1. Ranked by Cβ crowding within 10 angstrom, fewest neighbours first, how are GLU221, GLU60, GLU102 ordered?
2. Net charge within 10 Å of ASN11 by Cβ-Cβ distance, Lys/Arg positive one each and Asp/Glu negative one each, not counting ASN11 itself?
3. For LYS20, give me every one of the aspartates and glutamates with a C-alpha distance below 14 angstrom, ignoring sequence neighbours fewer than eight places off in its own chain.
4. Could you sort out which of LYS104/LYS157; LYS13/LYS104; LYS17/LYS124; LYS74/LYS157; LYS17/LYS40; LYS74/LYS129 sit more than 22 Å apart by Cα distance in this structure?
5. Most exposed first by the Cβ proxy, i.e. fewest other Cβ within 10 Å, how do THR26, THR138 rank?
6. Sorted from fewest to most neighbouring beta carbons within 10 Å, what does the list ASP107, ASP36 look like?
7. Determine by what factor the alpha-carbon radius of gyration of the range 2-186 differs from 2.2 N^0.38 Å, reporting the quotient.
Amino acid sequence: MISIVTVTYNNSKGLEKTLKSIQKQTDNAYELIVIDGGSKDNTASILESYHNIISFSLSENDSGIYDAMNKGVKFCTSPFVIFMNAGDCFFDSSSVQKINREVKQGDSIYVADCICRTSYGLEKKIMAKPLASYSMPTSHQSIIFPTRFVNYDLQFKICSDFDLYSRLKKEFAVHNLNFYLSLTEGGGVSSKYKYRSHREKFRINRVHKNFFVSSVLFLYEIALSFFKDIFIFVVGRDSLSVICKRLFK
């Protein structure tokens, strides 16, 4: 059995999308924990509509997404947990079945592939890289953690998932599941605040990794983001979206 933690706040549309994805799973050997940050929209009615698949739900104020995720982990009873937050979906209806078939080895981390729908209307394939050291091996929604060791550091508002992975990777083996596990939407908090994201990532890397390499990587990512922003400003976001769709259709 796998624990699924879903965190939401004023995103009833995204929440229903996620719950539908979970409801469609052919294997119901899972527990679903939903943590709501005290939403003011119709989240409560959505939760009531899907009460039959929800093992536990809590609605109260929190200190952000990672605080909510820490809360969710406390109610998990399975040895492994995956985070599928509001708006995220499993890749297909057999995803949980594949997890329960493949995820069995003690205190280990499991990574899988992901499809990310970008803001330019493209679907970006993210292939899992279990040997990655200075970046996430895949999207957060395609990582399965050993539940009892999950504790997000709240000093990191954007990249606490990377900090968690960096800490646990030192202790546990990382296994590649070699299948697509999640569908995510681009434009998350790390995209909206990418320069702050780069700074947090640098802080994490300089603690867990080589300082020189971390510094060079930080400067490279800052420069790359800067030139991307300049290019988008010159071309225009709408025009870039049209170009991308024509090139990759």
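Every number here is computed from the coordinates shown, using simple stated rules; none is lab data. Computed from a predicted structure; not experimentally measured. Cβ sites come from the backbone with ideal geometry, for glycine too, and all protein chains shown count toward neighbours.
1. Numbers: GLU221 19, GLU60 10, GLU102 15.
Ascending number of Cβ neighbours within 10 Å: GLU60, GLU102, GLU221.
2. Details: positive: LYS13, LYS17; negative: GLU16, ASP36, ASP41.
Result for the neighbourhood of ASN11: -1.
3. Once the sequence-local aspartates and glutamates are set aside, what remains near LYS20 is GLU48, ASP88, ASP92.
4. On the way: LYS104/LYS157 31 Å; LYS13/LYS104 33 Å; LYS17/LYS124 20 Å; LYS74/LYS157 20 Å; LYS17/LYS40 18 Å; LYS74/LYS129 29 Å.
As for pairs spanning more than 22 Å Cα to Cα, those are LYS104/LYS157; LYS13/LYS104; LYS74/LYS129.
5. Numbers: THR26 10, THR138 23.
The fewest-first ordering by Cβ neighbours comes to THR26, THR138.
6. Working: ASP107 15, ASP36 25.
Lowest to highest Cβ neighbour count: ASP107, ASP36.
7. On the way: Rg = 15.3 Å, N = 185, 2.2 N^0.38 = 16.0 Å.
So the range 2-186 has a normalised radius of gyration of 0.96.
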